[in-house]
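No value in this document is a laboratory result; all are computed from the given coordinates. Bear in mind the structure is a predicted one, so any value in this text is a computation, not a measurement. Cβ sites come from the backbone with ideal geometry, for glycine too, and all protein chains shown count toward neighbours.
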Amino acid sequence: MAEPDTSHVLSPPAAGEPATPPAAPPTERPSSPRPRIWATPLLVGLNVVGFAIETRLGCSPTDPTVPQLRAAGAEFGGPWSRESG
């Protein structure tokens, strides 16, 4: 019976050989710059600004009440803006 092909199996390094092959030299950076990420920082910034405005308008930063939120504009648009029709 023929022996199975084991050429694809990694064997431990022999005595005196390094455990891993030497690293390849660093390659040059791509010529095009990385794409600019702007959406997430924009959304985080808008949320921080909204939080600051609500706090300045009298909402508690840790436990706002419904009247405080309504006074800061939480019901802007009225109930018609929540209708599904």
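Order by neighbour count: Arg34, Arg70, fewest other Cβ atoms within 10 Å first, most last.
Fewest-to-most ranking of Arg34, Arg70: Arg34, Arg70.
Give a residue-ordered list of calculated ³J(HN,Hα) values for region 51-60 (Karplus: 6.51 cos²θ - 1.76 cosθ + 1.60, θ = phi - 60°; whole Hz; x for Gly, Pro).
4, 5, 5, 4, 5, 5, 7, x, 6, 5
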